[in-house]
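First the structure, in the form of structure tokens, and then the observations on it.
The values are calculated or read from the model by the stated rules, or taken from the named source; none is laboratory data. Predicted, not measured: the structure shown is a model, and the values here were computed from it. Backbone-built Cβ (ideal geometry, glycine too); neighbour counts: all protein chains shown.
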Amino acid sequence: MIYKQTLATPSYLCDRHDRLHPWAAVRLCQEVSEYHSNSTGIGYEELLKQNRAWVIARAYYIIYRRPVAFEKIMLSTWSRGTDGLFAFRDYLIESEAGEKLLAGTSYWPMIDFASRRAVRLKDFVAGYEFHDIDATGHPKLDRLTMPPMPEPDCTLTARHSMIDHTQHVNNSEYVKLMFDALDETEFDVDQPFSLELNFQHETQPGDTVSVSHIRDNGAAFVQISNSRGLSVAAKIEHV
């Protein structure tokens, strides 16, 4: 099924101009994913009983317009299938009038909660209903090629407020770090833009994190690393 949820854009997720933060848009996509997974029996609590958890590996979002505080929006998500290792999930956020605000697609492996290693999906998605609807026109996500990166802009410690129930830094927290590194004077988030993310080595509580960014051929590239190596690579550009 396609899962839908309507809400008023929370003001606490908006910036000083009363528009939804990019990281908050990503967080809302994650939240609606959890509601959908819970409703179909493969959500966090059910999987944890089997020592399993979903984690995100790759994602691509197009943000056409950021809704304003208290604006009514409709979030939709659905599963687009699996290749045995990744489950593919797409998103839409629309205005009350049906205007497309965000489209997204993402790749989710399932891991063994203790070992943190990926497990095969076959037994978990048997009989699951898939919808072959492409939200973004960008359904295949390859590994990002990054330009040579400069020395880090900043280094910080992964604090407890950044950690989610999967016991690592939440994907939206990385997006927050990225746009803080860019600053609103360097990248105009009020123009439609795409955000592509590759997640590699997870960041755990207390890890040291470094953030680097560079502009190249009109795009912004952001790299976040921890003690295990590259954690997240991202490409942000206007569309």
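Only a single criterion out of (1) out of contact with any strand residue (DSSP E or B) (no Cβ under 6 Å at 6 or more places or on another chain); (2) in a strand (DSSP E or B); (3) among the polar types (S, T, N, Q) is not satisfied by residue 155, namely (1). The residues of the stretch 64-118 that are out of contact with any strand residue (DSSP E or B) (no Cβ under 7 Å at 6 or more places or on another chain) and farther than 25 Å from residue 191 by Cβ, listed by number, are 83, 84, 114, 115, 116.
Pairs linking a residue in the stretch 9-35 that is not assigned by TED's automatic domain parsing to the domain that holds residue 182 and buried (at least 20 other Cβ atoms within 10 Å of the Cβ) to a residue that is in a loop (DSSP other than H, G, I, E, B) and among the acidic types (Asp, Glu), with Cβ atoms under 7 Å and 6 or more positions apart or on different chains, are 9/71.
Checking each residue in the stretch 56-90 for being under 23 Å from residue 170 (Cα atoms), of a type in the set (Phe, Trp, Tyr) and either part of a loop (DSSP other than H, G, I, E, B) or in contact with a Cys (Cβ under 7 Å, 6 or more places away or on another chain) (or both) picks out only 86. In the set (1) surrounded by fewer than 13 Cβ atoms within 10 Å (Cβ to Cβ); (2) within 21 Å of residue 196 (Cα to Cα); (3) touching a Ser or Thr at 6+ places or on another chain (Cβ under 8 Å), the condition left unmet by residue 103 is number (1).
Against the condition out of contact with any His (no Cβ under 6 Å at 6 or more places or on another chain), on the phi > 0 side of the Ramachandran plot and either of a type outside the set (A, V, I, L, M, F, W, C) or modelled with pLDDT under 95 (or both), how does residue 104 come out, does it pass? So that I can check it myself, show each step before the final result.
Details: out of contact with any His (no Cβ under 6 Å at 6 or more places or on another chain): yes; on the phi > 0 side of the Ramachandran plot: no; either of a type outside the set (A, V, I, L, M, F, W, C) or modelled with pLDDT under 95 (or both): yes.
No, not satisfied.
Restricted to the stretch 129-167, and to residues there that are outside the structural domain of residue 91 (by TED's automatic domain parsing) and in contact with a Gly (Cβ under 8 Å, 6 or more places away or on another chain), the residue that is nearest to residue 40 (Cα to Cα) is 158.
Within the stretch 128-153, the set of residues being at pLDDT 95 or above and within 19 Å of residue 23 (Cβ to Cβ) comprises 136, 144. Checked against (1) surrounded by 17 or more Cβ atoms within 10 Å (Cβ to Cβ); (2) touching a strand residue (DSSP E or B) at 6+ places or on another chain (Cβ under 8 Å); (3) not aliphatic (A, V, I, L, M), residue 147 passes all but condition (1).
Might you let me know whether the stretch 129-146 holds any residue that is more than 18 Å from residue 33 (Cα to Cα), part of a strand (DSSP E or B) and in contact (Cβ under 8 Å) with a residue 12 or more places away in the chain? Looking through the stretch 129-146, none of the residues is more than 18 Å from residue 33 (Cα to Cα), part of a strand (DSSP E or B) and in contact (Cβ under 8 Å) with a residue 12 or more places away in the chain.
Considering only the stretch 91-113, state which residues are within 21 Å of residue 52 (Cα to Cα) and part of a strand (DSSP E or B). Steps first, please.
Initially, the stretch 91-113 is screened for residues within 21 Å of residue 52 (Cα to Cα), giving 106-113.
Within the stretch 91-113, 106, 107, 108, 110, 111, 112 qualify.
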